[in-house]
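Below is one structure; the comments refer to it alone.
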Amino acid sequence: MARIEVKGQPRFKTKASKKVRKRTPGVRTVTHYKKKKTAKHVCAVCKGLLLGVPRGRIIEIKKMLKSQRVPERPFAGQLCSKCTREVLKLRAKLKFGLIKEKDIPLKLKNYVLPISKK
Amino acid sequence: MIGSVCVKIAGRDAGKECIIVDTISKHEVLIDGNTRRRKCNLKHLQFIGKKVELRKGASSEEVKKALESLKITIEKKAPAKIKKTRQEAQEAQKVKKPEVKKEKKGFKLFGKKEDKGKKEKKPKEKKVAKKKTEKKEG
């Protein structure tokens, strides 16, 4: 048995595509299929929304320029700007001996410590 | 304020060491060092608590020497790209020889098929099933 493909419909009956019901000018309800978007990008520490990071399918984002995908600072696309400032402050203090490893809060330890081990 | 060593927290140069060279206003200063030489908001700097003797508006070479005295490694910047003039670009093109395309051996695209005489098929030899003859002893 050959599989029949209808134009505008997904090949398999998956839930990867989003269904939208629309009424045509000829008073007929038709289902339209749309591609789903990815989830919004979130900070790994505070779970706040990341600004300057576009949201969409991988193909759409790959077509963008590199400078449009993420901001140009360290931890871009991973942490929000507030959390990166806290991490970099602690890194600087630890490097020049103003604080010790005990003083670092637990949730930021993974991001601060790697530089001190070197 | 001038000569104090700090680390930049925000922006492209975040996490790099620098020294304040000049004050512009209440909130803004001129910085230099591992970062680019540029004005910066004081909120974007983390002070370390070290100070170096520097004159106001010191050059970037003087700042680098000051950083070396504190045993801070200086990052080497990539050399700037030199733009070619039109004449140089044209000469460079002349030197390159045009590549000659080689035809692939044993593979012709859109080529006509050669007329070959039909091969005479050999008659297949019929396999003769050998009958097993078992002689019964006894």
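Rule-based calculations on the coordinates, nothing more; no lab input. If you're wondering where the values come from, they're calculated on a predicted model, not measured in any experiment. Ideal geometry is used to build each Cβ from the backbone, glycine not excepted, and the neighbour counts take in all protein chains shown.
Worth pointing out:
- Cβ charges +1 (Lys, Arg) and -1 (Asp, Glu), total dipole of the stretch A:37-117, debye: 120
- Taking amide H as placed 1.01 Å from N in the peptide plane, B:SER4 has its amide H under 5 Å from the amide H of B:ILE20, B:VAL52, each at least 5 places away in sequence or on another chain.
- Taking all Cα pairs closer than 8 Å and separated by 6 or more residues, the relative contact order of the stretch B:4-69 comes to 32 percent.
- Binned Cα-Cα distances of the stretch A:37-117, short to long, each 10 Å bin given as a whole percent: 17, 41, 26, 13, 3
- Among A:PRO74, A:PRO25, A:PRO54, the largest mean-square fluctuation in a Gaussian network model of chain A, built with springs joining Cα atoms closer than 10 Å, belongs to A:PRO25.
- For the stretch B:4-69, a simple Cβ point-charge model (Lys and Arg +1, Asp and Glu -1, everything else neutral) yields a dipole of about 220 debye relative to the Cα centre.
- Here the Kirkwood formula, the inverse mean of 1/r across different C-alpha pairs, assigns the stretch B:4-69 a hydrodynamic radius of 11.6 Å.
- Gyration tensor (alpha-carbon) shape descriptor, the stretch A:1-73, a/c threshold 1.5: prolate
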